[in-house]
1. Out of the stretch B:127-141, which residues are touching a residue at least 40 places away in the same chain (Cβ under 8 Å) and more than 10 Å from the chain's Cα centre (by Cα)?
2. Taking residue A:208, is it free of Cβ contacts under 8 Å to residues at least 60 places away in the same chain, within 7 Å of another protein chain (Cβ to nearest Cβ), touching a helix residue (DSSP H, G or I) at 6+ places or on another chain (Cβ under 8 Å) and buried (at least 24 other Cβ atoms within 10 Å of the Cβ)?
3. Could you grab me the full set of residues in the stretch A:180-205 that are touching a strand residue (DSSP E or B) at 6+ places or on another chain (Cβ under 8 Å) and facing chain B (nearest Cβ under 7 Å)?
4. I'd like to verify a number: residues in the stretch B:261-281 that are more than 10 Å from chain A (Cβ to nearest Cβ) and within 21 Å of residue A:151 (Cα to Cα), how many?
5. Does the stretch B:342-351 contain at least one residue that is on the phi > 0 side of the Ramachandran plot, touching a helix residue (DSSP H, G or I) at 6+ places or on another chain (Cβ under 9 Å), surrounded by fewer than 21 Cβ atoms within 10 Å (Cβ to Cβ) and more than 13 Å from chain A (Cβ to nearest Cβ)?
6. Going residue by residue through the stretch B:232-250, is there one that turns out to be assigned by TED's automatic domain parsing to the domain that holds residue B:346 and in contact with a strand residue (DSSP E or B) (Cβ under 9 Å, 6 or more places away or on another chain)?
7. Looking only at the stretch B:183-217, which residues are within 28 Å of the chain's Cα centre (by Cα) and either assigned to a strand (DSSP E or B) or within 18 Å of residue B:69 (Cα to Cα) (or both)?
């Protein structure tokens, strides 16, 4: 994944809240260095000067949630040498994937929107990688700025970015955070969630809610859910812990389904 | 044996700080007793008790003001002698060329570790075997460190140091060892540095009664182990049971979350990672704690060599209790029980080894 010096970079969004793009604009100390290292040529959130591709590196936020986005993501892929998806929406379908496989899309649209006839949407919200090949996925809601900068700096240096697949617990312990499951009996998704956030929630005394998505394979989210049940959650409540921002990620989706079986 | 008043411990902490030490000791943070930099007696966990069990750790309060009536929280000496993340090398490029050099220590004060248990002192001795001959940074920190043990009066519910022959009484590896008495501390000296500190504190010789009290506390603690473990026939017990069905059974509960290896005071596995600045002018090489439960850590020659949780759990337990003996001449386990307490699902190494021993030689029969 080597790129030439001062590569042309584009940032696009699909179905998303813009929070991951803001991680770039909020990069503070790193912004000047970033501006010197890359040339941002198409980034609607930052500038109305939108130039056409091809792009050396493209960052895509958001899920594929409408028919237009299905076509758009193919065009983006065509125009990009390296495609990096950023955030829970782009990598796992996002919170909007809660509608997936419910068979109740029409009902949701009618309930949420005052003029549902304007809404044209796909039955399911998909991660970008379901539609086009993706070179690198940075998960999180939002993404971790440090991980993004590390990925860009590595690509600029001609090195493979290091994106850990280990669980949040590893980082919790490195940083000396006390385990909220063990010391407080609080349900925490850290043991089965990918690290990258710096263990921010457990460091503030609350359980991880899994926004970085499933950690390494083979995973064992179901066993963690069974532990939640021992700690006092009903099976349905344990299942719902996995049905959140990254609930459509296969490892969480399957664990939730099996935990719900227990309830029945 | 010697004796200091309760206030003498406060003077010891200040004395060490005045001599330029970074004094690390037990203190309460976020519902646990952790090891952090302390400034005086008031930072210690007065009147705090622990209730430890598999996957569970709770603090309780009493008003008796006793400072050490607990076993240990998640931290041990490892966190300071072998830090979780450490910059090793810095490379800078400028007009004059490229400069490569060791990264400076983030805090270069020598360490004084106060409140270590006998298991913790043994764990440091185990890590010494791993790092001393090889690792200059570890060796420098270790050689400058002052180690102050405190004998356990109240072992935890997951402790089994008696089974491992590593406690509960501090017998080696300390500069000073304390035992909390009703009116102060009994003091044992284990080194020349300890001797100097004793003299500076003006400790008086302990009375016959005080000596007897220290013996009684150690004897009572040894009888209050939360767990026992039969370690006879190691390492071969685990070697010959590598296909035992228990590995697969434990894997059904194991999350491969790495907690057992992180809290283990002897686990030394680490990764070496590189970072580069956006400008490409500064690169750093760092070392960080890693774990045999991480898939990325068992990535070798293009594959994950231990794909299943069963394989990773077997690797950890067999290394800790068996192949460690072949590799370093001692067991990798000091019986502190942290891996049992801090496992989010409460997997208990003593139970797992006992189960394998009970059905020694069993092999998994897979039917089509």
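The values are calculated or read from the model by the stated rules, or taken from the named source; none is laboratory data. These numbers were taken from a predicted model, which means no experiment stands behind them. A quick note on method: Cβ atoms are made from the backbone with ideal geometry, for glycine too, and the neighbour counts reach across all protein chains shown.
1. Of everything in the stretch B:127-141, those that are touching a residue at least 40 places away in the same chain (Cβ under 8 Å) and more than 10 Å from the chain's Cα centre (by Cα) turn out to be B:129, B:130, B:131, B:137, B:138, B:141.
2. no
3. Passing the criteria: A:182, A:183, A:191, A:192.
4. Start the filter on the stretch B:261-281 by keeping residues that are more than 10 Å from chain A (Cβ to nearest Cβ), which leaves B:264-270, B:272.
Pick out the ones that are also within 21 Å of residue A:151 (Cα to Cα) and you get B:272.
Total meeting the criteria: 1.
5. Step one: of the stretch B:342-351, the residues on the phi > 0 side of the Ramachandran plot are B:346.
Of the ones still in play, those that are also touching a helix residue (DSSP H, G or I) at 6+ places or on another chain (Cβ under 9 Å) are B:346.
Those still in the list that are surrounded by fewer than 21 Cβ atoms within 10 Å (Cβ to Cβ) too: B:346.
Restricting the remaining residues to those that are more than 13 Å from chain A (Cβ to nearest Cβ) gives none.
Scanning the stretch B:342-351, I find no residue that is on the phi > 0 side of the Ramachandran plot, touching a helix residue (DSSP H, G or I) at 6+ places or on another chain (Cβ under 9 Å), surrounded by fewer than 21 Cβ atoms within 10 Å (Cβ to Cβ) and more than 13 Å from chain A (Cβ to nearest Cβ), so the answer is no.
6. Checked the stretch B:232-250: no residue is assigned by TED's automatic domain parsing to the domain that holds residue B:346 and in contact with a strand residue (DSSP E or B) (Cβ under 9 Å, 6 or more places away or on another chain).
7. B:184, B:185, B:186, B:187, B:188, B:189, B:213, B:214, B:215, B:216, B:217
Yes/no matrix, rows are residues, columns are (1) buried (at least 21 other Cβ atoms within 10 Å of the Cβ); (2) outside any strand (DSSP E or B); (3) at negative phi; (4) within 14 Å of chain B (Cβ to nearest Cβ):
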site: A:10; (1), (2), (3), (4): yes, no, yes, no
site: A:17; (1), (2), (3), (4): no, yes, yes, no
site: A:21; (1), (2), (3), (4): yes, yes, yes, no
site: A:27; (1), (2), (3), (4): no, yes, yes, yes
site: A:31; (1), (2), (3), (4): no, yes, yes, yes
site: A:36; (1), (2), (3), (4): no, yes, yes, yes
site: A:40; (1), (2), (3), (4): no, no, yes, yes
site: A:70; (1), (2), (3), (4): no, yes, yes, no
site: A:77; (1), (2), (3), (4): no, yes, yes, no
